[in-house]
Amino acid sequence: MRAALISGLLATLIWPIAAHAEPVWQRMSVGQARDLVEGEGGKVEQVVDTETGEYVMTVRSSDKLPFKLKGFDCRGVGEAKSCVRYEFVAYFRFDGEEEAARYERDLAINWLADQSSDDGYLDVWRMGSLEGGVTRAHMRYQLRAFIDAVWAAQETVYPPKTATGSPGTG
């Protein structure tokens, strides 16, 4: 009787937690990535499959930031294509490699992963893995943290102007 009472009590306590637990993603499908972006108010403009089996999703966030969401280590096709690794990436265009490299050094202190290229682009990115499982809430956090970091980088690259029209101090 005591065992049945304890078992019933545990079931009463655990069932609501299990019933409301968020599903764990082991992989992120194109459809889930689309839902993630759109759930945060963003717009998916295009999805392209690469020759190596990954996908590149062109996105505009709710606050109009253009970026790409890339899926790596994928299997499947179409909206069901699912990937273990992902990358959010935004690009800044400069007049040349030297200017891009300078901003790469400037942004190195801002908790960002970035890389300049010889064609004058600076890529600002955040990469992650779903290996071991993550929740949708975790992916929402990763997306929002990326967008916030790119806006912070934008303020470094293009400082706001003061009332006099000169670059401000922040």
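All of the numbers you see were taken from the coordinates with simple rules; none came from a lab. These figures come from a predicted structure and were not determined experimentally.
5 Å is the cut-off here: which amide hydrogens, built 1.01 Å from N in the peptide plane, fall below it relative to GLY42, excluding neighbours closer than 5 in sequence?
Amide H neighbours of GLY42: SER62.
Spelling out what I want: for every residue of segment 39-56, take phi, set θ = phi - 60°, compute 6.51 cos²θ - 1.76 cosθ + 1.60 (Karplus), and round to whole Hz; glycine and proline get x.
Along segment 39-56, the couplings run x, 9, x, x, 10, 8, 8, 6, 10, 10, 7, 8, 5, 8, x, 8, 9, 10 Hz.
Take the alpha-carbon centre of segment 80-101, take the same for segment 18-79, and report the distance between them in whole Å.
16 Å
Which far-off residues, 5 or more places away or on another chain, put their amide H under 5 Å from the one on TRP25, with H placed in the peptide plane?
Under 5 Å from the amide H of TRP25 lie the amide H atoms of VAL134, THR135, ARG136, each far enough along the sequence or on another chain.
Could you work out how much longer the chain between ALA145 and ASP49 gets when fully extended? Use 0.36 nm per residue separation minus the Cα distance between them, nm to one decimal. Each step should come with its number before you reach the end.
Values: separation 96, 0.36 × 96 = 34.56 nm, distance 2.57 nm.
Contour length minus the Cα-Cα distance gives 32.0 nm.
Would you grab the residues whose amide H sits under 5 Å from the one on LEU65? Only those 5+ places off in sequence or on another chain, please, with H modelled 1.01 Å from N.
Under 5 Å from the amide H of LEU65: no residue qualifies.
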